[in-house]
Structure formats: C-alpha cells, structure tokens
1. Could you say whether any residue in the stretch 131-153 is within 21 Å of Phe237 (Cα to Cα), among the aromatic types (Phe, Trp, Tyr) and either touching a residue at least 12 places away in the same chain (Cβ under 8 Å) or crowded, with 22+ Cβ neighbours inside 10 Å (or both)?
2. Can you tell me which residue in the stretch 71-88 is nearest to Ser264 (Cα to Cα), limited to those that are part of a loop (DSSP other than H, G, I, E, B) and open to solvent by less than 40 Å² (accessible area, probe 1.4 Å)?
3. Answer with yes or no whether Pro128 is buried (at least 20 other Cβ atoms within 10 Å of the Cβ), over 26 Å from Pro301 (Cα atoms) and in contact with a strand residue (DSSP E or B) (Cβ under 6 Å, 6 or more places away or on another chain).
4. Select the helices (runs of 4 or more DSSP H) contained entirely in the stretch 268-371, then report the ones holding at least 3 residues which are in contact with a helix residue (DSSP H, G or I) (Cβ under 8 Å, 6 or more places away or on another chain) and farther than 22 Å from Met69 by Cβ.
5. Looking only at residues that are β-branched (Val, Ile, Thr) and under 16 Å from His289 (Cα atoms) in the stretch 9-33, which one is most open to solvent (accessible area, probe 1.4 Å)?
6. Could you tell me whether the stretch 139-149 includes any residue that is closer than 22 Å to Val360 by Cβ and under 22 Å from the mean Cα position of the chain (by Cα)?
7. Every residue in the stretch 65-84 that is within 21 Å of Lys279 (Cβ to Cβ) and at pLDDT below 95, please.
8. Out of all the residues in the stretch 235-246, is one or more closer than 30 Å to Asn74 by Cα, open to solvent by 40 Å² or more (accessible area, probe 1.4 Å) and either in a helix (DSSP H, G or I) or of a type in the set (S, T, N, Q) (or both)?
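The values are calculated or read from the model by the stated rules, or taken from the named source; none is laboratory data. A quick note: this is a predicted structure, and the numbers were derived from the prediction, not measured. Note that each Cβ is placed from the backbone with ideal geometry, even for glycine, and that neighbours are counted across all protein chains shown. Side chains are part of the model used for accessible areas, which takes the heavy atoms of the whole protein and leaves out ligands, DNA and RNA. Shrake-Rupley method; radii C 1.70, N 1.55, O 1.52, S 1.80 Å.
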Amino acid sequence: MKELRFMTEFQHLQRVVDAKESFERANPGVRIIIEQSTDHFESKNAYESDEAPDIIESGGWALFNNKDMFVDLNPYVAEVDGLEEDLYQGPMRVARHSGMLPGLPVDVSIPLIVYNKEMFDRAGLAYPTEDMTWDDFIEMGKKLTIRNEHGVASQFGFGIGVDIEWYEPFVFRNGGSYLSPNGSTARGFIDSPATIEAFHKLIDAYRVHGIIRKPDEPSEAGQLHEGFAMILGFMWFTGDLIYHQIDDKFGVVGLSNMQGNDPSNMIYMGAAGVTSKSKNSRLAWEFLHHYLIERHSWPLPITHSQAKDRGLTGHRLWSRYMEELNHVRPSGYYLSEKWNSSRQLINEDIHRMILDGANVPKTLRSWTRFA
C-alpha cells in the first residue's frame, strides 16, 4: 500500500475528501492521508521535518516562492495531451513568474466592477460598459452618490476597501506598477509618473469627488450590496450574491480603461504542489491532476474545458470572470515577500493620504524602502 500525505491550509475539506475517495477507488493500492495546517509557518515546518508531506496546498503564494521546496510541474503538464492549451494562461503566467511551475493554482479570485442595476435605473443612467473610461467612471460615481443635508451618504458611487493590493489593477491600467518585473526593486516603479498619477486619481475619488466612503466616515449606506452603486467585486462577493439569490439585481463589467491602455488585472490565488521531499512525486502529481483538473474542485476552475462543463462560460456573471482570467499578471505581493509583509504599513500611509491629505508623490517615494 502506497501512502500520499496531503497537507492543506484550508478549513473546508470536502473538495479534497471527495477527490481522495474517487482516486482511491480508481487506485486501490493507494491511500491518501489528509492533514491540516494552520498557516504557512506550520506547513514549512512540516516540510522541514523527517516526515514531509507529498503535497502541500496553501491559500497564498509565499510558500511557493521558497527555492527548491516544490518540484517543477511543467514536465508533468507537458506530458498530458492538450492540457497546456486547456489551461487559462493568465493564472499560469502568474504561477510561472519565476520560470518553474511550483504548484497548480487554487482558490482563484479576481476583481471586476459589480454594479447595482436598480440604482442606475433610479438615477436614469445607462449601465457601465466595457469601454468605460476613468472619467466616465468618476462622473457616474458622482451622480450615484447620495448625501443628506449633513453630508452623510445613504448611497455611495463606488465601494472599495483601503488596501494597496486592491488599488493595483488601477495602477496597472494606468501604465504603472509597484515593482520591477522580477520584484527586486520598487525604485523607478512605485514612484513612477504613471503610478503616482493613478494614486492621485484614486485618492481624489475619496477626497475631491466623495464617491468612496472614507475610513470611519459616518454612513447610512449599509453593506456593499445595499448602498453602493458600483463595487470592486471579487469572486467571493459575486458568489455571495448568487448564494443569497439577489444576483438578478446586479451586473458585472470590466474595470475602467485608463491612460496606459493596459487591460491587466490582479489575481488572488494559492496553489497545491508536489514537495521536493516526496518519494512518490509522479503518483502525487497524478492525484493533484485528478483533484484539480479532472474533478470540479474549486469555484473558478483553471481549465477552459472545466469552465464550459460547469456552465460558467455561459453564465450571466461568471462568464465575465472567466474571460478576465486572460488579463491577470503577477502582483507585487507575489514578486516580493518584503513588499507583501509591508502591507499594513503601506495601508496606514494610504489612510493618511485619504484622511490627512498626505503628499502622494512623497509618500510613494518613501515606499521604495519596502522592496
């Protein structure tokens, strides 16, 4: 009896349990042992132990930046007829940003503009379209923001959290970036004219145009689905709309076009990979392939054929998310662990730009120390 140890950082195990059962039925001489870890630290310690897992699945990418911790899956992918062509190349570009393929993407999510059709209808405005510019977006947001005589909003034009990661798609689309392509430096990138201009536009959306709720601003707008006309909607937000059966009130469209004419977007994803300590790496790959490629495991699949089989490419909302997978590229937090670990410090600076009017170019120049 051959055993494979599968370690996952996710709490909900039904997907992998189902894959384990079907794989064991097809391979009666194999036993899959599923273990959970609480975080990257515990997973790394397990790898460094005398009984390293054969496969590690993580909700983030930090583990997969560790040199020599995982085997390169590129040769295995190449062996499966038609698999390379079937994979969505956007997530695969991100997964392969270092050249090798340390894991197959899981838990994929990307942001789009989710809009409330009823709010647009009440305002007499046409729904946003794929050719929407940033100026169009701001003007719509201003018309869709409703405040009382005391300036308290019952409806905001746009909903987005204060987070350096969530601003990155707008920086991309303006022709900027946070880091160099290999993640070795922020100098000349976070402080570039295109990046600074994108940040000015975003901060102005709070301070000048008032279409986004400021941190701790008094509000009567309620939750995102209640009082925000447009939302930076990740997969999990849209999934909740569908789960609660209110998705018919919403539409989805791509992010606004900006000066850089770049359609790039960010992506959140983790991965599952075969560890370099596995004594059964080919068998581990076969289970990984079964779990992520053959079975319908994760909400956003990584192959065109699975997306079609599950009806996602024809779905009114999901189809736009699947299309957007073609446009994702590596974000700063994938490229540099130092940048990723500085997220909280950067977000505190963003609060100061929004609330106190801290100088945008000077603040961005100070972030060059984070990479």
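1. yes
2. Only one residue fits best here, namely Tyr88.
3. Criteria met by Pro128.
4. 304-309, 318-324, 343-356, 360-366
5. Of everything passing the filter in the stretch 9-33, Val17 is most open to solvent (accessible area, probe 1.4 Å).
6. No, the stretch 139-149 contains no residue that is closer than 22 Å to Val360 by Cβ and under 22 Å from the mean Cα position of the chain (by Cα).
7. Asn66, Lys67, Asp68
8. yes
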